[in-house]
Amino acid sequence: GRHLDVEVNAVEQRPADLGQVALDHRAIDDVLPGRYYVRFDPDVTARFGEGTSSTALLATYHPHASSLVQARPVSVAPGEVLSSIDIVARAGAGSTVSGRLLLGGRPPSVASLQLLGRPEEPSAWIVGGSVLDDEGGFLFSNVAPGEYRLFYLVGNEGGISAGAVDLTVADGKLPSLRVDVPEPVSLRGRLLIEGTESTSSNEVIISLMPEGNIMHPACTSKPSSDGGFLLLGCSPGLYHVRVTSLPEGHYVEQVLSGRSPVRDPLLRLDREAPELKVLLRRGAARIRGRLASRNPAWYLITAETESWPRAFGIAGRDGVFTVDHLPPGRYSVVGMSAPVLSALHDSESLRALQARGADVFAAEGEHLEVTTPVVSETPEDLMRQR
């Protein structure tokens, strides 16, 4: 599609007798067609008012929102020029957020700390970052009142731990926080292939992908010739177990933590976690799909009993895609013109997408062909329509 020009105006809301005062005017060029959230980011030192009660300008989404869930997206079509997008900038007194971040009771060797407005995604707006001092101390200045999530990524010679802490910021200074992060743990496991004594594990990769929006390096391992593997230095928490580069025609039949099946497949990892067992079986199903769209589009495949994507990717130029190594079961196959990545972690959003997809059943070893329409609405739009 053709590129667009978008002009954005930010204005400051003053008392009624003063009206609105222009703060900034920007022209954004070379914008591709789509739906966008537009945000005004003021200079963090910008203040207005008199005396000690001066107020800071706050980052604001169009038209006058503090977070993405309250914001109103703008749509731009090919060749369109949006001449005016007005944002009424918010204002408020800033606060100080400070504290100590420890790993196993000690200051970590390495650390990354970011403060985000809830319920923003980690890929969205970062309120600020902080560097720890020698005692693990951190400080965020001029934080606007609101709901926040403090994301941390800390490490030592034993590995990396990550997580998040929710907090509410009101006017003034908050009590000092203490965040004591559990140390990284390691997990042993074994890969088994049903009906054979050989593991055929040379190319198989076992990965733990964190649940939710906690962003940190994934724990991965390749089994040895006897099927044993070690996931080293992983952050304690909840994970989805991913097994990739499977042998031809095989699928993951079951994942066990000790003797207990890992459901969904969600694994709770801590120092007490028993050995992980991954059982493969021959007889994988295959879905070869075609998206009913002339434009490039994405495909999403989810299993009926799962709340996470089984497969997600972009189709070829002809709209065709192929997904192998599927266990037998019922699946929803849906196409998307503009996927919202955060929706792939939200069970309600996934169910809204599933309702618009093609419903298919794949028997063991079956190769299916399916054509599915492409959904142009966002998951939020679909949930409002339900």
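The values are calculated or read from the model by the stated rules, or taken from the named source; none is laboratory data. Source: prediction; values computed, not measured. Glycine also receives a Cβ, built like all others from the backbone with ideal geometry; neighbour counts cover every protein chain displayed.
Can you tell me which residues in the stretch 248-266 are modelled with pLDDT under 90 and in a strand (DSSP E or B)?
L266, the sole residue that qualifies.
What residue, among those in the stretch 282-291 that are at pLDDT below 95 and among the charged types (D, E, K, R), is farthest from S245 (Cα to Cα)?
Checking each candidate, the answer is R290.
Please determine, by comparing only the residues of the stretch 57-69 that are modelled with pLDDT of 80 or more and not β-branched (V, I, T), which one is surrounded by the most Cβ atoms within 10 Å (Cβ to Cβ).
At the first step, the residues of the stretch 57-69 found to be modelled with pLDDT of 80 or more are 60-65.
Then keep just the ones that are not β-branched (V, I, T); that gives 61-65.
Working: Y61: 22, H62: 20, P63: 14, H64: 16, A65: 17.
Per the criteria, the residue is Y61.
For D318, indicate whether it is closer than 29 Å to P182 by Cα and either outside any strand (DSSP E or B) or modelled with pLDDT under 95 (or both). Step through it out loud before you land on a result.
Details: closer than 29 Å to P182 by Cα: no; either outside any strand (DSSP E or B) or modelled with pLDDT under 95 (or both): yes.
When the stated conditions are applied, D318 does not pass them.
So how many residues does the stretch 263-292 have that are within 21 Å of S307 (Cβ to Cβ), charged (D, E, K, R) and touching a residue at least 12 places away in the same chain (Cβ under 8 Å)?
Of the residues in the stretch 263-292, 2 are within 21 Å of S307 (Cβ to Cβ), charged (D, E, K, R) and touching a residue at least 12 places away in the same chain (Cβ under 8 Å).
Tell me which residues, restricted to the stretch 267-286, are more than 15 Å from L230 (Cβ to Cβ) and small (G, A, S).
Answer for the stretch 267-286, where residues must be more than 15 Å from L230 (Cβ to Cβ) and small (G, A, S): G283, A284, A285.
Look through E183, E135 and report the one residue that is at pLDDT 90 or above and either exposed (fewer than 14 other Cβ atoms within 10 Å of the Cβ) or assigned to a loop (DSSP other than H, G, I, E, B) (or both).
Values: E135 fails: at pLDDT 90 or above.
Being at pLDDT 90 or above and either exposed (fewer than 14 other Cβ atoms within 10 Å of the Cβ) or assigned to a loop (DSSP other than H, G, I, E, B) (or both) holds for just one of E183, E135, which is E183.
Pick from the stretch 222-240 the residues that are out of contact with any Cys (no Cβ under 6 Å at 6 or more places or on another chain), at pLDDT 90 or above and of a type in the set (A, V, I, L, M): which of them is nearest to S186 (Cα to Cα)?
Looking at the filtered set, the residue picked out is L232.
Pick from L266, L300: which is of a type outside the set (D, E), within 21 Å of S347 (Cβ to Cβ) and buried (at least 19 other Cβ atoms within 10 Å of the Cβ)? First the steps, then the outcome.
Working: L266 fails: buried (at least 19 other Cβ atoms within 10 Å of the Cβ).
Result of the check over L266, L300: L300.
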